[in-house]
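Working notes, structure below.
What follows draws every value from the coordinates through simple rules; no lab data is involved. Keep in mind it's a predicted model, so treat the numbers as computed, not measured. With ideal geometry, Cβ positions are generated from the backbone for all residues, glycine too; neighbour counts draw on all protein chains shown.
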Amino acid sequence: MDTSLASLGLEEIFRRFAEEAGVPGLAFGVVAGGRLVHQGQLGMADQAGGQAVREGTAFRIASMTKSLTAVCVLTLRDRGLLQLDDPLERHLPEAAGLGSELLDGPPITLSHLLTMTAGLVEDDPWADRQLALPDEDFLRLLRGGVAPTRRPGEAFEYSNLGYALLGQVARRVSGKPLADLAREVLLGPLGMEDSVFDFTSLPGTRRARGYRREGARYVEEPPLRDGSFGAMGGLWTTVADFAKYVCFQLSAWKEEDQPAPPLRASSRREMQRGHIVVPPRDHPAPGGGPSGYGLGLFVAESAHLGRVVYHGGGLPGFGSHVQWLPRNGVGVFAFSNLTYASLSRPVFEALERVAGAVPPAAPDAPAEWSWVQERVTALFEGEGSAGWAELAADNLLLDRPAERRAEELRDLRQRLGPVLQVAPPVLSGRLRASWGLRCKGGEVEVECWLAPPRPLRVQVLRFRPVEPPAPA
C-alpha cells in the first residue's frame, strides 16, 4: 500500500459498502502516477470452498469490457481496415436492413454502435443471459430480424446488442475472434496475462464465484461461457491487470512523449470525450452533473473534479465499476461477486479522497504566460496606457477603454496596497488562466484569457478582490 493513502480510509469505504449491500466478496484498486498504488480485498471469493478474496483473484467485470472492445475496433480503424462511419452491413451482411423499418431512418454505422445511438432498445435483462450464445445462433437471430426502438443517431439508449455486433465486425475484419484480437492488440502488449474471456482457462481457486441473493441465502450463479456477446461484457480480470488498463487510458492525457502504445493517444482521448448526451434519469453520473457517452465509456463533468470517465458493469453473479480523472491522473475501481452490485457510490467517494491527495497536473503552458503575468502586475501597479496597448488583443480596449480600466485598478490599489507576491497561473486549457496577487492589504484574483492569434495577446482580463472569510 502507498503510505500516502493510508490515512484516507479507503478500506472503510468499501467495507461499509460491502456490509450494507451484503456483498460476499470485493476487491478494489487505486492508480496514480501511472501505476497501481493501492489495492484491497474483502470477504469471500468462494463461500462453499472457504476461499477468501485475495490479490490475484479474478472477477468478471461485465460491461466494463465494452471500452476494451472499443479499443479493438479503433485499432482496426487506425490500421485503415475500417472507418467509423461505415454502415454496419458493409462488414456484417447478416445485419442488412437492421433498423430500417422506421421511416427515413439512416443506416446503422459503427459509430452509432460505439456511441449507443443505433436506435436499439436498452436490453440488460435479455442480453445478460445471451453471453454464451454461439456465433451461428447470433447470426441466425440477426437474419430473423431485430426491432428498432428509434431511428439511428437520434438519441442515446444503452445497448448490449450493439456491442455484440461490434464484436462480430471486429471478428470479420481481423479474421480473429474478439478474445484473440484483444489479446493481440491490448491484453498482450499491456502485460494483462491474467485477463481472459474464457473462464475455463482460470484455475477454480483463481476466480471469484458469482452469487445472487434469495432472501438471506446466497445462491451461486453458474458462470456463462464466452460466446457472441462476450464483446459486451465477458472479460475476467484481476486488480493488478485492470490497473494496467486504467493507466493506459490515463496516459493519453500526458503531455510528455510516450512510447508507441497499443492504441494511439488521440484515439484514447476520442474514447473519453462525450459524443452524445446521456439522460440523467436513466444513467445518473457519479456525483451528479451532466454526462455523455463516448466510445465504450461514460463521461461526466464534475464541478469540483473536472472530467470523470467511468463505466459500470453488472451480470448474473457480478457487479463492478471504474472511474478516473484525466486532470489528476488518478483512478479507482472495484469488483464484486454479487449480481448487479452497484459500486458507483463507494468508488466515487474513494475517488474524491484520492483526488484530494493528488492535485491536478498543470497543463503544458505557453511561454507567453510569464510575460503576461509580468505585464498584468505592472498595470496593476500603475503603469501608463502604453502598457495596455502592448498587452491587449483587438477587442480588449474596445470592450472597456484603457482609461476606465486604469481607474478601476487605481481604486483597487488604493484599497489593497502594493503587490507583495504573484502566484503561479492555474490553467484551464493552455490559453485561459487565473492567479492570485497578494497585496499588503488583501488579495486579488486575476482571470485572463488569451486570444488565439499569435503573437498571443489578452482578450479577457478581470480583477476580483478576495473577500476575507466572515468571523466565526
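Rounded to the nearest 10 degrees, the inclination of helix 368-380 to the longest alpha-carbon principal axis of the chain is 40 degrees.
Solvent-free Debye calculation, one equal scatterer per alpha-carbon of the stretch 151-194: log10 I(q)/I(0) at 0.16, 0.28 Å⁻¹ equals -0.56, -0.93.
For GluC sites (Glu not before Pro), the sites in the stretch 70-116 that DSSP calls loop and that have at most 16 other Cβ atoms within 10 Å are Glu101. Find how many whole Å separate the alpha carbon centroid of the stretch 24-85 from the alpha carbon centroid of the stretch 106-179. A separation of 22 Å, based on Cα centres. Along its principal axes, the chain has C-alpha extents of 79, 54, 41 angstrom, given from the largest down. In plain terms, the chain from Glu20 to Ala96 could stretch by 22.6 nm, reckoned as 0.36 nm per residue minus the Cα-Cα distance.
Sorting His38, His304, His283, His321 from the fewest to the most surrounding beta carbons within 10 angstrom yields His304, His283, His38, His321.
Each principal axis of the stretch 368-466 carries a Cα extent, and these read 37, 28, 18 Å when sorted largest first.
For the chain, adding -39500 (n - 2.57) for each run of n ≥ 4 DSSP H residues and dividing by the number of residues yields -8500 deg cm²/dmol at 222 nm. Summing charges over neighbours of Ser434, with a neighbour being any other residue whose Cβ is under 13 Å away from its Cβ, gives 0 when K and R count +1 and D and E count -1. Taking the number of Cβ atoms within 10 Å of each Cβ as an exposure proxy, the fewest-first ranking of Lys176, Lys244, Lys66 is Lys176, Lys244, Lys66. Rounded to the nearest 10 degrees, the angle from helix 344-357 to the longest Cα principal axis of the chain is 40 degrees. Going from the residue with the fewest nearby Cβ atoms within 10 Å to the one with the most, Ile13, Ile108, Ile276 rank Ile276, Ile13, Ile108. With a Förster radius of 35 Å, plug the Cβ-Cβ distance of Lys440 and Lys254 into 1/(1 + (r/R0)^6) and report the FRET value to the nearest 0.05. E(calc), rounded to 0.05, equals 0.30.
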